[in-house]
Amino acid sequence: MITMKRILIIAVVAIATAACMSIDSRVDRARFGDNPYLEPPFYARYLDTRVALDQKIDQRLRALAADPDNPTLHNELGALLAQKGFPNDAVREFKRAIYADDEFYPAWYNLGLADHARGNTSGAMSAFRHTIDLKPGHAAAHFQMGLIYEQQGKDDAAIDRYAKAFSINPNLLEVGVNPRILDTRLAHLALLKIYPTAHKTRSVQFQQAPRSQTPTPSSAPEAASRQERPQDIVTPAPPATEEGVQPAPPPPTP
């Protein structure tokens, strides 16, 4: 019964989110037009194309002017704008990527990151859930949900998400891969949670034959040479001759 209740809640949230995104899309179109890149957006005046980052932003803007419904371009532009320090414009681009393709999970994940950074926890959690619905093995989304749960004091839920994330991608434990691993105090508990399964898998080590019972490369040809070789009865090869040694006479013809 509890499971059914959770399924219904998730379904209602998904429908509500889809409806909100549809409304947002219509509002965005009404405000900015079908192609808002025909004219440079407001922030473009602050770009210096001599700077590598600004040059990449300018390139995406030009590309979107020709292809305004390309989710990949919107997603890339959003990431660049976030790096530039324009968080609101970044969120708009991630949403436009979703307007173009609501199954484009990278934009859902990036929207979650952007919303979380802006303090929109509920929006971030919704975006991460959508990411996992579209790609259940998205380890980073599981980890980010764990961070939110931990910040909310829901340690058990956080540990479950961390365990899921680490079991899918253990590299998330490395600071170089996932700097936010330093923001959790529950990583060791998540590792203890997945330890029994991981330990059971890794402890199954198949034994190889002892060295004394393993044929060496040199002994294998010797063993083969002791076996009687089959004769070619169709076209027998001529007998080998050595200097001073006469070949044996051919067998009599029947």
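The values are calculated or read from the model by the stated rules, or taken from the named source; none is laboratory data. Because the structure is predicted, anything quoted here is derived from the model rather than measured. Glycine gets a Cβ as well: all are built from the backbone with ideal geometry, and neighbour counts include every protein chain shown.
Remarks
- Within the range 130-147, residues that are farther than 17 Å from residue 190 by Cβ and buried (at least 19 other Cβ atoms within 10 Å of the Cβ) sit with their Cβ atoms under 8 Å from residues that are at pLDDT below 95 and of a type outside the set (Lys, Arg), at 6+ positions apart or across chains, in these pairs: 130/14; 130/17.
- Residue 91 meets each of the listed conditions (1) surrounded by fewer than 19 Cβ atoms within 10 Å (Cβ to Cβ); (2) of a type in the set (A, V, I, L, M); (3) within 23 Å of residue 147 (Cβ to Cβ) apart from (1).
- Scanning the range 112-129 for residues that are without any contact (Cβ under 8 Å) to a residue 24 or more places away in the chain, more than 19 Å from residue 184 (Cα to Cα) and assigned to a helix (DSSP H, G or I) yields 122, 123, 127.
- Number of residues in the range 40-99 that are assigned to a helix (DSSP H, G or I) and more than 16 Å from residue 118 (Cα to Cα): the value is 32.
- Matching residues in the range 179-193 - criterion: being buried (at least 17 other Cβ atoms within 10 Å of the Cβ), without any contact (Cβ under 8 Å) to a residue 40 or more places away in the chain and either of a type outside the set (D, E, K, R) or in a loop (DSSP other than H, G, I, E, B) (or both): 181, 184, 187, 191
- Residue within the range 169-177 that is among the β-branched types (Val, Ile, Thr), part of a helix (DSSP H, G or I) and modelled with pLDDT of 95 or more present: no
- Every condition in (1) out of contact with any Phe, Trp or Tyr (no Cβ under 7 Å at 6 or more places or on another chain); (2) buried (at least 20 other Cβ atoms within 10 Å of the Cβ); (3) farther than 27 Å from residue 85 by Cβ holds for residue 162 except the one numbered (1).
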